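The values are calculated or read from the model by the stated rules, or taken from the named source; none is laboratory data. Model, not experiment: these values are computed from the prediction. No Cβ is skipped: glycine too gets one built from the backbone with ideal geometry, and neighbour counts run over all protein chains shown.
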Amino acid sequence: MDYAKFLEDLITMVAKENASDLHLSVGRHPTLRVSGQLVPLSKIPILTAENTQGLAEAMMDAETFAEFLKNHERDFSYSFKDKMRFRVNSYFQKGYVGVAMRLIPVRIKTLAELNIPNVLLDFAKKEQGFFLAVGPTGHGKSTTLAALVDVINHTKAAQIVTIEDPIEYIFTPDRSMVDQREVGSDTVDFGTALRSMFRQDVDVAMIGEMRDHETMATAVTAAETGHLVFSSLHTNNAAQTIDRIIDSFPGAQQAQIRSQLANTLIGVFSQRLIPRIAGGLIPAYELLISNPAVRNLIRENKTHELDLVIETNSENGMVSFNRSLMDLVRRGEITMENALIFSLNPQELRILSGR
């Protein structure tokens, strides 16, 4: 079989159906994710072990494929005729090859196009600090960070470095210089690349994901020493994010990182993509903006009180997740049923709705 042609046909289906993901798994039809829902391509035959391995091999060079067969999993980026880019994870399951492909739009959208509040533009204007976009996998964290970094790219003369695994959005340098480093091919790991950053005259750093406390410590130190640092975590809200960072450190180091985080954190943006009544997805979000009260709560290990600070500081731009959900319901963008499904506190949401 001509697997390059088979792959091209599947990617054409991704574009035609406006899908966000393509899944290839033995014993199943190729499957798209469209507006958050899995849609099997039932007109295409069920995939065999030979099919999934052939399709995976069609995306990789010989060296990468050999490494994949040795390690049984591999993250990489794949470009299709310079028109479409994918973040790909290839893996083994039950002894067979599987592939998950996430479409990365070629053009970086603006915050307005993403339905993200303009108050986030304030973070792109900062000279230093630590900003986090958080939420589950596949809910737009990387897209939001790319939009913020691109604002800086178009408005400030800055040296920007991104450290990613793999590289997702491709930035076209404008007023800024942009260096993009991919873990595995351009650098050994996140920690090494971050430490090198201190010798590269960097103004702004975007770390694709913080996976261990060494990376977190270096990122916080970078923010403390005059850099503007953007990164992401798989957490549900601001309070959980701060707890996750602090709890990842050994007990003897937690007081120090708590103090550093209180001094450097400028904001936490948590988002979920909710099915839209008119079709597609729209973000609901929580926004924590650091202020003296937030910094004191972090220092005093009272992160459980951050929700109250967010709720009582809406006039300063902070947004609670439930109020964001209710705003979408009242605007007719999402159903109350979906708002309750995605809410982290459905009981409070019912009170807000008057039900």
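Structure data summary
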| quantity | calculated |
| --- | --- |
| From the options Asn313, Asn237, residue that is of a type in the set (S, T, N, Q), over 24 Å from the mean Cα position of the chain (by Cα) and buried (at least 16 other Cβ atoms within 10 Å of the Cβ) | Asn313 |
| Residues located in segment 223-233, provided they are assigned to a helix (DSSP H, G or I) and within 21 Å of the chain's Cα centre (by Cα) | Ala223 |
| Strands (runs of 3 or more DSSP E) completely within segment 1-103 that count 3 or more residues being of a type in the set (S, T, N, Q) and touching a Cys at 6+ places or on another chain (Cβ under 6 Å) | none |
| Residues of segment 229-264 classified as in contact with a helix residue (DSSP H, G or I) (Cβ under 7 Å, 6 or more places away or on another chain) and in contact (Cβ under 8 Å) with a residue 60 or more places away in the chain, total | 13 |
| Selection status of Met216, assigned to a loop (DSSP other than H, G, I, E, B), in the same structural domain as Ser142 (by TED's automatic domain parsing) and within 23 Å of Gly140 (Cα to Cα) | no |
| Near pairs, Cβ below 8 angstrom, 6+ apart or cross-chain, from segment 57-81 (in contact (Cβ under 8 Å) with a residue 12 or more places away in the chain) to any residue that is of a type in the set (Ser, Thr, Tyr) and part of a helix (DSSP H, G or I) | Glu57/Tyr3; Ala58/Tyr3; Arg74/Thr64; Phe76/Thr64 |
| In segment 72-117, the residues that are of a type in the set (Lys, Arg) and over 21 Å from the mean Cα position of the chain (by Cα) | Lys81, Lys83, Lys94 |
| In segment 122-144, the residues that are farther than 14 Å from Glu209 by Cβ and either among the charged types (D, E, K, R) or outside the structural domain of Ala239 (by TED's automatic domain parsing) (or both) | Asp122, Lys125, Lys126, Glu127 |
| Residue within segment 97-104 that is farther than 30 Å from Arg276 by Cβ and free of Cβ contacts under 8 Å to residues at least 24 places away in the same chain present | no |
| Sole residue being under 30 Å from Ala284 (Cα atoms) and either at pLDDT below 90 or surrounded by fewer than 18 Cβ atoms within 10 Å (Cβ to Cβ) (or both), chosen from Thr143, Thr155 | Thr155 |
| For Met216: the one exception among (1) aliphatic (A, V, I, L, M); (2) within 18 Å of the chain's Cα centre (by Cα); (3) at pLDDT 95 or above | (3) |
| Of residues in segment 85-129 being buried (at least 16 other Cβ atoms within 10 Å of the Cβ) and β-branched (Val, Ile, Thr), the one farthest from Met13 (Cα to Cα) | Val119 |
| Output for segment 112-126, where each listed residue is assigned to a loop (DSSP other than H, G, I, E, B) and closer than 23 Å to Asn291 by Cα | Ile116, Pro117, Lys125, Lys126 |
| Answer from Ala223, Ala193 - the residue that is among the aliphatic types (A, V, I, L, M) and either outside the structural domain of Gln159 (by TED's automatic domain parsing) or closer than 9 Å to Val161 by Cβ (or both) | Ala193 |
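This table checks each residue for (1) over 20 Å from Ile104 (Cβ atoms); (2) assigned to a helix (DSSP H, G or I); (3) not aliphatic (A, V, I, L, M).
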site	(1), (2), (3)
Pro166	no, no, yes
Pro173	no, no, yes
Arg181	no, no, yes
Leu194	yes, yes, no
Arg199	yes, no, yes
Val202	yes, no, no
Thr221	yes, yes, yes
